[in-house]
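Have a look at the structure below before the remarks.
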Amino acid sequence: MTFGEQPAYLRVASDLREKIVNGALPPHTRLPSQARIREEYGVSDTVALEARKVLMAEGLVEGRSGSGTYVRERPVPRMIARSGYRPDKGASPFRQEQTAEGARGTWESSSEQEGASPEIAERLGIEPGDRVMRTHYVFREAGEPIMLSTSWEPLAVTGRTPVMLPEEGPLGGCGVVDRMAAIDVVVDNVAEEVGARPGLAEELLALGGVPGHVVIVIGRTYYASGRAVETADVVVPADRYRIAYHLPVR
């Protein structure tokens, strides 16, 4: 095989990737050995190894201890629907994050107070070190973890109120909009920024992903009369889900 200016290991990885995508190397098939790649493509052991590393980083193959490298089952992406800040009244955190009709699920959470980091302080319009309530969520559907969320609420807004702890008290487990309304804070706007990055080890462990996999990160902030009252990072595995927005036309 003749290679152009592109590095040889990327050319090898591209050819093997195409075979995986078109089914010539179906799921659970063992990837050609390093020696086989070296012979078939006329490359060095180093190039063969780097090509395999590329496919592993892309999540197309996985190593099995003492057995070799195999093509992974490619999941069919499912949709997570988002439609702004107006869920049904009394919506749970799950319904707030996944607004598709009929979507039902469970969540686990834990809350603790901390000083706001510079990044979170900027998002909330407060000073670094100001006290916030941080809450971690793991959302599941049919028992499968589908997303993570970490939210921060300024205690200058919720402190010493019945909604200080998002998952406790008379409105525990309700969405941000309803909880804020209970303390006469009217949420009237929400902003979301969507990006992607390699998942952190602890995120991928919680989501059942593979090291190196990419996650979608939605940075969301709720506002009441221009004042940020909650900000959150929602993390979704990019290989298994797509984010669909349904926004009203005004």
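Structural remarks
- The stretch 124-176 and the stretch 192-246: distance between their alpha carbon centers, rounded to Å: 15
- Its DSSP H runs of at least 4 residues, each contributing -39,500 (n - 2.57), put the calculated 222 nm mean residue ellipticity of the chain at -7000 deg cm²/dmol, to the nearest 500.
- Per residue, the convex hull around the alpha carbon atoms of the stretch 8-71 comes to 74 Å³.
- Accessible carbon and sulfur surface of the chain relative to its total accessible area, %, 1.4 Å: 52
- Our summary gives the chain a relative contact order of 17 percent, counting only alpha carbon pairs under 8 angstrom and 6 or more residues apart.
- At 1.306 mPa s and 10 °C, Stokes diffusion of the stretch 115-192 via Kirkwood alpha-carbon radius, µm² per second: 116
- Stokes-Einstein diffusion of the chain at 20 °C, 1.002 mPa s viscosity, Kirkwood radius from Cα pairs, rounded to a whole number: 104 µm²/s.
- Seen from Ala57, the other residues with C-beta closer than 13 Å to its C-beta sum to a net charge of 0, counting Lys and Arg as +1 and Asp and Glu as -1.
- Cut-off of 10 Å, at most 12 other beta carbons, DSSP loop: longest stretch of the chain lacking such GluC sites (Glu not before Pro): 102-250
- Eigen-decomposition of the gyration tensor built on the alpha-carbon atoms of the stretch 171-216 gives equivalent ellipsoid semi-axes of 33, 15, 6 angstrom, largest listed first.
- For Arg36 and Met79, a Förster radius of 41 Å and the Cβ-Cβ distance give a FRET efficiency of 0.55, rounded to the nearest 0.05.
- ³J(HN,Hα), Karplus 6.51/-1.76/1.60, whole Hz, each residue of the stretch 204-215, x for Gly, Pro: 5, 5, 5, 8, x, x, 9, x, x, 5, 8, 10
- Charge tally in the Cβ shell below 11 Å around Val217, where Lys, Arg are +1 and Asp, Glu are -1, Val217 excluded: -2
- Probing with 1.4 Å while keeping every protein chain in the model, the per residue accessible area of the stretch 8-71 equals 53 Å².
The values are calculated or read from the model by the stated rules, or taken from the named source; none is laboratory data. All of these numbers come straight from a predicted model, not from anything done at the bench. When we count neighbours, we look across all protein chains shown, and the Cβ atoms used for this are built from the backbone with ideal geometry, even at glycine. Side chains are part of the model used for accessible areas, which takes the heavy atoms of the whole protein and leaves out ligands, DNA and RNA. Shrake-Rupley method; radii C 1.70, N 1.55, O 1.52, S 1.80 Å.
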